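Single-structure report; data block below.
The values are calculated or read from the model by the stated rules, or taken from the named source; none is laboratory data. Please read all numbers here as calculations on a predicted model, not as lab measurements. Methodologically, a virtual Cβ is constructed for each residue, glycine included, from the backbone with ideal geometry; neighbour enumeration extends over all protein chains shown.
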Amino acid sequence: MFGYYLDLALRSLKRNRMLTALMVVAIALGIGACMTTLTVLHVLSGDPLPGKSARLYYPQIDPQDMDGYQPQNEPPLQVSWTDGMNLLHAKRADNQALMTGGSVPIQPEQSSLEPFYDDARYTTAGFFAMFEVPFLYGRAWSEADDDGSARVAVLSRKLNDKLFGGADSTGRTVRMEDVAFRVVGVIDDWRPNPHFYDLFSARYGGEESVFVPLTTAADLKFGRNGSMDCWGKGSGDNMKTATCTWLQLWVQLDSPAKAAAYKDFLIHYSQEQKAIGNFQRPPNVRLRNLMEWLDYAKVVPSDVRLQVWLALGFLLVCLVNTVGLMLAKFLRRSAELGVRRALGASRRSVFAQLLVEAGTVGLVGGLGGLLLAVAGLWLVRRQPVNYAALAHLDLPMLATTFLLAVGATLLAGLLPAWRACQVTPALQLKSN
Amino acid sequence: MQTGLILAALRKHRLATLLIALEIALACAVLCNACFLIAHRMGLTRVDSGVDESALAVFKIDGFEAAQAGDLNARMLAGLRAVPGMQSASVVNTAPFGLPTGNAGINLDREGKRFGGVVGLYLDGPGSFEALGLRLVAGRAPQTGDFQPMVGFAPKDSQVVVSHTLAEHLWPGQDPLGKEFWSGDYHFRVIGVVAHMARPGAGEGGTGTIEWSVFVPTQPGPNLVGTYLLRAAPQDLPRVLRDAKAAIARAVPDVVIDHENSRTLGDLRERYFRSDRVMASLLVGVVAALLGVTALGIVGLASFWVQQRRRQIGIRRAIGATRGDILRYFQTENFLIVTFGIALGMLLAFALNAMLMRFYELPHLPLAYLPAGALALWGLGQVAVLGPALRAAAVPPVVATRSG
């Protein structure tokens with residue numbers, strides 16, 4: 001029966017090309033706009049570490065003084081050196097890392113390369129295992145390297161290609177800010193998006209070329225990037241004693257019970273610090289997991305959400321338009337439908353026939369919409385925004401395109417089809 | 001005269017009429033809000049920075065020790081001033097639309113009880129005030145003695161110039177000259193007010209605070225080094241900047257020039273507002289597509305109606321209606337439906353605006369957008385219906401005599 005209806009639908013659609021084209025164009029435009037914006041939203045709000053993100057947490061505590069204190073305020077979004085090191089060394093989580101971003105001058109040995117600045121991450125040994133960073137050569141540095149401020153570095157694949165022509169460079173030397181660092185590892189391509197572990201630098205497309213121990217970077221006073229919030233006596237010269245929050249702490253907690261226990265530990269730590277006079281405020285802690293943290297930090301640009309709303313509004317207009325056109329199309333065939341009804345077709349089968357026709361329009365419109373979305377995404381990639389390069393259609397979004405197109409058109413076809421089924425066969429046969 | 005007739009006919013096509021009206025209503029709501037967003041975005045990009053943008057450029061370097069600042073600043077300024085066409089070069093921390101390096105929360109009392117907001121600080125060296133071309137409306141410009149050395153992030157005790165907008169925010173209706181404010185231990189006293197002065201970045205608190213900036217006369221030193229403000233005649237500026245890069249690469253080879261942030265203020269401004277312009281052009285695209293789709297829908301349905309009523313049209317023609325009568329019939333019909341849609345659309349427009357205001361920092365939809373949107377849709381409807389209506393008017397009276 002479906003095949004017959006499909007045949008009828010195609011014949012009917014061919015009979016009135018103008019109206020069919022109008023419907024297909026309307027659906028294609030609406031779907032194209034929607035899928036372009038939805039794909040961008042989908043890419044930007046994706047999970048940067050699927051399978052692992054639910055076990056990664058971002059602890060926050062409140063070490064500030066009583067100036068401007070209000071209960072229920074959000075604690076600082078980063079931690080100070082003192083607290084970060086205390087929590088790191090407490091080792092209450094399954095894994096933990098403390099970090100900040102920066103940029104360092106790299107002085108290649110080859111005279112053919114000019115010295116250049118590159119993005120760096122100053123972190124601790126746990127970073128690589130916790131975030132499941134893939135290694136091409138060598139391995140991460142050890143906790144002993146952290147404790148001893150060792151001059152060791154892990155390079156990105158890109159930097160390794162640039163400096164060592166892609167060869168296994170473990171054991172070789174890289175000079176940064178006039179200090180020799182021993183390469184202990186080279187990581188493979190690794191670009192989690194969003195750049196979840198440090199939202200205070202580029203939120204998308206961020207990529208570090210070199211990783212060095214945080215303690216080493218602090219000792220050598222490497223330049224840091226990102227945000228810093230100070231209170232009381234503020235930063236001064238020594239970042240290790242500053243009353244400023246400027247580091248990101250991440251912990252891995254493998255079960256909800258452990259997460260609850262860690263939150264208790266944070267409260268306990270705050271109380272302890274208050275008791276010895278380091279903290280002034282009552283304990284105020286947060287422990288969000290990775291996706292909750294991205295959500296709280298509103299990592300998806302508000303413009304992207306606005307564009308999705310606009311596109312949905314546009315699709316709605318296109319659909320109402322299609323409903324009207326389909327109504328015209330179906331009613332025009334009242335006579336034909338009257339004949340089918342008179343020959344014994346039930347209302348239900350006429351209804352099904354018309355819906356097949358609507359679905360066909362949706363499918364063709366979806367195909368057009370897909371082409372428009374591909375073109376739209378190509379335009380997005382040419383925009384000067386930091387997430388531009390990420391805007392690609394993936395398989396789930398491809399499926400969504402057709403589901404949305406056919407679903408929306410079927411929905412739009414319901415009313416006209418129902419209305420067309422109401423024709424009285426006798427009346428249609430009599431007139432004309 | 002025809003209106004009664006038309007309404008009676010429309011009552012027979014309630015569903016189709018309702019659909020067109022609904023489409024017009026949705027289009028009206030989206031159109032008004034999209035146009036409003038476009039105007040809002042474009043308004044942002046037209047902010048008056050208050051400085052001579054066409055004559056200014058920023059020059060930024062990296063890769064030096066803060067300890068060598070005094071020597072470095074002197075070498076840099078000497079190198080820059082030697083470039084032919086350079087009118088002035090001075091040490092600054094940043095420039096309008098440049099990197100927002102000096103944001104600070106300020107208080108109106110020493111105890112820090114009355115919070116004034118987060119302002120942008122221009123910590124600029126001698127010569128920069130004149131170079132920027134800021135227009136003083138009250139008080140005086142900073143003089144040589146006002147330039148104090150940095151202690152931490154700013155001078156301890158500064159005589160500053162503020163923008164008119166900031167003065168009105170901090171001391172509404174009062175004379176701002178001589179007023180004081182604090183940021184932590186740092187003390188600031190107002191000696192002058194300028195008409196306009198945009199902050200380096202939009203900063204916290206949104207777009208209403210774009211002119212919350214303070215000019216702090218500062219002595220170059222270890223904490224104020226590496227960023228320079230160049231001034232040249234507008235037509236020479238691109239060449240002067242290019243020459244300056246070459247000259248510095250020769251004269252001060254031990255530093256790295258930050259090409260990304262060494263640009264003319266025009267370039268910096270263009271970069272600063274790029275995403276707003278992209279969004280605005282996207283909205284224009286949506287509006288165009290929306291109007292196109294709506295027009296196509298009207299054409300489609302009107303054509304259907306005309307075809308369906310060929311016999312009635314023929315009969316009307318046969319009993320004396322002129323072509324003009326038939327044309328006007330379809331035009332009036334369209335006008336009535338669109339009017340109905342617009343009435344509904346205005347309510348929808350306000351609902352949509354209220355929703356957007358909850359999520360985005362947007363003012364109320366100004367009432368003027370509604371008549372403008374209505375006019376646009378009336379016009380669109382008339383243009384779209386013209387083709388089918390002309391076809392209807394061309395139906396010959398003889399059709400009435402044919403059976404079908």
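Out of (1) more than 10 Å from every other protein chain (Cβ to nearest Cβ); (2) buried (at least 16 other Cβ atoms within 10 Å of the Cβ); (3) farther than 22 Å from A:V320 by Cα; (4) not hydroxyl-bearing (S, T, Y), the odd one out for B:F330 is which?
Only one criterion is unmet by B:F330, namely (3).
With the requirement that a residue be surrounded by 14 or more Cβ atoms within 10 Å (Cβ to Cβ) and on the phi > 0 side of the Ramachandran plot, what does the range A:140-165 give you?
A:S149
When B:G208 is evaluated against the numbered criteria (1) within 20 Å of B:L99 (Cα to Cα); (2) modelled with pLDDT of 90 or more; (3) not polar (S, T, N, Q), which criterion, by number, is the only one it fails?
Only one criterion is unmet by B:G208, namely (2).
How many of the residues in the range A:62-83 are assigned to a helix (DSSP H, G or I) and of a type in the set (F, W, Y)? If you could, list the steps in order and put the result at the bottom.
Kept after step one, since they are assigned to a helix (DSSP H, G or I), are these residues of the range A:62-83: A:81-83.
Still in the running and of a type in the set (F, W, Y): A:81.
Adding up the residues that qualify gives 1.
Among the numbered criteria (1) outside any helix (DSSP H, G or I); (2) surrounded by fewer than 19 Cβ atoms within 10 Å (Cβ to Cβ); (3) under 24 Å from the mean Cα position of the chain (by Cα); (4) within 14 Å of chain B (Cβ to nearest Cβ), which one does A:V300 miss?
Only one criterion in (1) outside any helix (DSSP H, G or I); (2) surrounded by fewer than 19 Cβ atoms within 10 Å (Cβ to Cβ); (3) under 24 Å from the mean Cα position of the chain (by Cα); (4) within 14 Å of chain B (Cβ to nearest Cβ) is unmet by A:V300, namely (2).
Do we have B:T339 as among the β-branched types (V, I, T), under 30 Å from B:R402 (Cβ atoms) and either at the interface with chain A (Cβ under 10 Å from one of its Cβ atoms) or part of a helix (DSSP H, G or I) (or both) here? Write out each step before concluding.
On the way: among the β-branched types (V, I, T): yes; under 30 Å from B:R402 (Cβ atoms): no; either at the interface with chain A (Cβ under 10 Å from one of its Cβ atoms) or part of a helix (DSSP H, G or I) (or both): yes.
The answer is no for B:T339.
For B:I24, only one of the following conditions fails: (1) under 30 Å from A:V308 (Cα atoms); (2) within 27 Å of the chain's Cα centre (by Cα); (3) at pLDDT 80 or above; (4) more than 9 Å from chain A (Cβ to nearest Cβ). What is its number?
(2)
Between A:Q422, A:Q383, which is within 12 Å of chain B (Cβ to nearest Cβ) and either at pLDDT 85 or above or over 18 Å from A:A33 (Cα atoms) (or both)?
Values: A:Q383 fails: either at pLDDT 85 or above or over 18 Å from A:A33 (Cα atoms) (or both).
Every option except A:Q422 fails the conditions.
If you scan the range B:348-388, which residues turn out to be hydrophobic (A, V, I, L, M, F, W, C) and either outside the structural domain of B:G297 (by TED's automatic domain parsing) or more than 26 Å from the chain's Cα centre (by Cα) (or both)?
B:W378, B:L380, B:V383, B:A384, B:V385, B:L386
Quick one: A:G376 ticks every box in (1) surrounded by fewer than 21 Cβ atoms within 10 Å (Cβ to Cβ); (2) within 14 Å of chain B (Cβ to nearest Cβ); (3) modelled with pLDDT of 85 or more except a single one, so which number is it?
So the condition that A:G376 fails would be (1).
Which numbered condition in (1) outside any helix (DSSP H, G or I); (2) surrounded by fewer than 21 Cβ atoms within 10 Å (Cβ to Cβ); (3) not acidic (D, E) is the only one that A:P59 fails?
Failed condition: (2).
Which residues, taken from the range B:175-199, are farther than 23 Å from B:K113 by Cα and in contact with a helix residue (DSSP H, G or I) (Cβ under 6 Å, 6 or more places away or on another chain)? Reasoning before the result, please.
Of all residues in the range B:175-199, those farther than 23 Å from B:K113 by Cα come to B:191-199.
The answer is B:V193, B:A195.
Please go through (1) closer than 15 Å to B:G116 by Cβ; (2) crowded, with 22+ Cβ neighbours inside 10 Å for B:L230 and return the number of the only condition it doesn't satisfy.
(1)
With the structure loaded, tell me whether A:T36 is polar (S, T, N, Q), more than 30 Å from A:M291 (Cβ to Cβ) and either not assigned by TED's automatic domain parsing to the domain that holds A:L363 or not in a loop (DSSP other than H, G, I, E, B) (or both) or whether it fails that test.
Details: polar (S, T, N, Q): yes; more than 30 Å from A:M291 (Cβ to Cβ): no; either not assigned by TED's automatic domain parsing to the domain that holds A:L363 or not in a loop (DSSP other than H, G, I, E, B) (or both): yes.
It is false that A:T36 is polar (S, T, N, Q), more than 30 Å from A:M291 (Cβ to Cβ) and either not assigned by TED's automatic domain parsing to the domain that holds A:L363 or not in a loop (DSSP other than H, G, I, E, B) (or both).
Among the numbered conditions (1) in contact (Cβ under 8 Å) with a residue 60 or more places away in the chain; (2) surrounded by fewer than 22 Cβ atoms within 10 Å (Cβ to Cβ); (3) of a type in the set (A, V, I, L, M, F, W, C), tell me where A:L363 comes up short.
The single condition A:L363 does not satisfy is (1).
Select from the range B:29-63 the residues that are over 19 Å from B:A198 (Cα atoms) and facing another protein chain (nearest Cβ under 10 Å) and write down the one among them that is surrounded by the fewest Cβ atoms within 10 Å (Cβ to Cβ).
By that ranking, first place goes to B:D62.
For the subset of the range A:168-192 comprising residues that are buried (at least 17 other Cβ atoms within 10 Å of the Cβ) and touching a helix residue (DSSP H, G or I) at 6+ places or on another chain (Cβ under 6 Å), which member is nearest to A:V154 (Cα to Cα)?
Within the range A:168-192, the match that is nearest to A:V154 (Cα to Cα) is A:V186.
Given the criterion surrounded by fewer than 14 Cβ atoms within 10 Å (Cβ to Cβ) and in contact (Cβ under 8 Å) with a residue 40 or more places away in the chain, identify the matching residue among B:A89, B:A95, B:A78. Quick ask: steps written out before the conclusion?
On the way: B:A89 fails: surrounded by fewer than 14 Cβ atoms within 10 Å (Cβ to Cβ); B:A95 fails: surrounded by fewer than 14 Cβ atoms within 10 Å (Cβ to Cβ).
Just one listed residue meets the conditions, B:A78.
Report yes if some residue within the range B:346-353 is farther than 30 Å from A:W309 by Cα, within 14 Å of chain A (Cβ to nearest Cβ), out of contact with any Ser or Thr (no Cβ under 6 Å at 6 or more places or on another chain) and not aromatic (F, W, Y); otherwise report no. First the steps, then the outcome.
Let us first name the residues in the range B:346-353 that are farther than 30 Å from A:W309 by Cα, namely none.
No, that holds for no residue.
Please tell me if A:M85 is within 14 Å of chain B (Cβ to nearest Cβ) and in contact with a Lys or Arg (Cβ under 9 Å, 6 or more places away or on another chain).
On the way: within 14 Å of chain B (Cβ to nearest Cβ): no; in contact with a Lys or Arg (Cβ under 9 Å, 6 or more places away or on another chain): yes.
So A:M85 does not fit the description; no.
Residues of the range A:314-326 being within 7 Å of chain B (Cβ to nearest Cβ), buried (at least 24 other Cβ atoms within 10 Å of the Cβ) and of a type outside the set (V, I, T), which ones?
Hits for the range A:314-326 are A:F314, A:C318, A:N321, A:G324, A:L325.
I'd like the full set of residues that are under 31 Å from the mean Cα position of the chain (by Cα) and of a type in the set (S, T, N, Q), limited to the range A:65-97.
Step one: list which residues in the range A:65-97 are under 31 Å from the mean Cα position of the chain (by Cα), which gives A:72-81, A:83-85, A:87-88, A:91-97.
Passing the criteria: A:Q72, A:N73, A:Q78, A:S80, A:N95, A:Q96.
Just checking, which of B:V58, B:V51 is within 30 Å of A:M176 (Cβ to Cβ), of a type in the set (A, V, I, L, M, F, W, C) and outside any helix (DSSP H, G or I)?
B:V58
What about A:A352, is it out of contact with any Lys or Arg (no Cβ under 6 Å at 6 or more places or on another chain), assigned to a helix (DSSP H, G or I), away from every other protein chain (no Cβ under 14 Å) and exposed (fewer than 13 other Cβ atoms within 10 Å of the Cβ)?
No: the conditions fail for A:A352.
Residue-by-condition table, conditions (1) under 24 Å from A:L56 (Cα atoms); (2) within 14 Å of chain B (Cβ to nearest Cβ); (3) in a loop (DSSP other than H, G, I, E, B):
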| position | (1), (2), (3) |
| --- | --- |
| A:D118 | no, yes, no |
| A:F127 | yes, no, no |
| A:V133 | yes, no, yes |
| A:A153 | no, no, no |
| A:K162 | no, no, no |
| A:D168 | no, no, yes |
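Please determine whether any residue of the range B:65-77 is in contact with a Phe, Trp or Tyr (Cβ under 7 Å, 6 or more places away or on another chain) and in the same structural domain as B:T339 (by TED's automatic domain parsing).
no
Restricting to the range B:11-21, and then to whatever is assigned to a helix (DSSP H, G or I) and either more than 17 Å from B:V299 (Cα to Cα) or modelled with pLDDT under 80 (or both), can you tell me which residue is farthest from the chain's Cα centre (by Cα)?
Residues of the range B:11-21 that are assigned to a helix (DSSP H, G or I), as a first pass: B:11-12, B:14-21.
Filter again for either more than 17 Å from B:V299 (Cα to Cα) or modelled with pLDDT under 80 (or both), leaving B:11-12, B:14.
Details: B:R11: 46, B:K12: 48, B:R14: 43 Å.
For the range B:11-21, the residue satisfying everything is B:K12.
Does A:R305 qualify as being part of a helix (DSSP H, G or I) and farther than 30 Å from B:D276 by Cα? Break it down stepwise before answering.
Details: part of a helix (DSSP H, G or I): yes; farther than 30 Å from B:D276 by Cα: no.
No; evaluated as a whole, the condition is false for this residue.
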